Structure formats: C-alpha cells, structure tokens
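The values are calculated or read from the model by the stated rules, or taken from the named source; none is laboratory data. The shown structure was predicted, so the numbers you read here are calculated from the model rather than taken from an experiment. Cβ: placed from backbone, ideal geometry, glycine included. Neighbour counts: every protein chain shown. SASA here: full protein model, heavy atoms, side chains in, ligands and nucleic acids out. Shrake-Rupley method; radii C 1.70, N 1.55, O 1.52, S 1.80 Å.
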Amino acid sequence: NVYATGANFMWTAVANSLGYEFEIIPENASPTGIPTGLTTTNSFFIDFLVPNFCYKYYVRSNCGNGNFSQWVGPYSFCTLALGENCNTPITIALPFQTTDNTINFGNALAGPQSSSCISGAVNYQAGNDVFYNYTATENCNVSFTLNSQQAGSSLFIYPSCTGITGTCLAAAAD
C-alpha cells in the first residue's frame, strides 16, 4: 500500500534470515549501499516520504555474523498526491479557491453517490476525485460553491472519511 507520505513494503521471507536492511532513494538517484533502515521481519512501513514523488528501494538479508546477501532491486513506486484519498486530504482554510483539475488525481470513489446526496441517473463519483479537509474554527455558517465550466463536475460534503459512502451533509453538481 502506498499513501501520500508513507508506504507498506512486504516480500517473501528468506529462510534463516536474521532480518533485513533496506535503502529507499529518489527514483533518479544511484544506490549508496547504506541502509535507510532495518527490520527483523519481511515487511516495514515508512512514513517520511514526500507526496507525489517517485522512489525506488533495495532490500538485502542479514545472514548473521556480519554477512549480508546482495542487494535486490530496484523496486519502484510513487507516492500519492495529497488529496488523492480521504486519508490524506488537502487541508484548507477559508477563504479557499482552486483552479486545479481532477485529471491530476486518481479515482478513489467508484460511486454511484448516495441518493441522499444527489439523486438521478448520473454517477458523479465515476470520475477522478479530490479530497479536502476543513475544520471550522468557530460555530458559524460556511458556504461552499461549485463554480465549474465542466459538465459532470460535483461537490460532496461528508462529515468524515467513514461516511463517504453514506449520507452526505451537502452536494452540488453540474
């Protein structure tokens, strides 16, 4: 699993291995042979990565007594951009406006949206999605406006990530 700032890695365990060393580097960098970290199991999680950036990694086994296997790899991956899923949204403050295009993001929701949001035959969640997070600093009314020139655009407001398949607080669509 790859996220905006982290990734899980797993591989087939080597018999009698005492652990593993790994090196994670930018995609265009040359390996140094100096481990980024180590693990005693055949998996690890890294949470210091840069969003929307490509990396490669190498792994080697600790055979004991100061002996190591050859490095294997590279294995390439790219982190997600902020906003590509609900767990790593783009956090906004008001006033907020963007001209970004959803083509720059993935399709995390297949839809269709709940009929409590927008009813009808159009599945507005079938295309690419961008996730934002807003936390009010005081108790007052807040207005969100969808101002799109693109048919099929939509805006859904949910109370949390766990609710994105259920009832929404508000919605608008073109």
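Here are a few candidate values for percent of Cα pairs over 26 Å apart: (i) 47; (ii) 36; (iii) 71. Which one was actually calculated from the structure I just gave you? Among (i) 47; (ii) 36; (iii) 71, the one calculated here is (i). Counting protein heavy atoms only, region 1-57 has 56 percent of its accessible area on carbon and sulfur, 1.4 angstrom probe. What separates the Cα centres of region 1-61 and region 97-174 is a distance of 35 Å. Descending by average beta-carbon neighbour count within 10 Å, the peptides 10-18, 92-100, 61-69 line up as 61-69, 10-18, 92-100, the highest first. Computed with a 1.4 Å probe over protein heavy atoms only, the accessible surface of region 50-166 comes to 65 Å² per residue.
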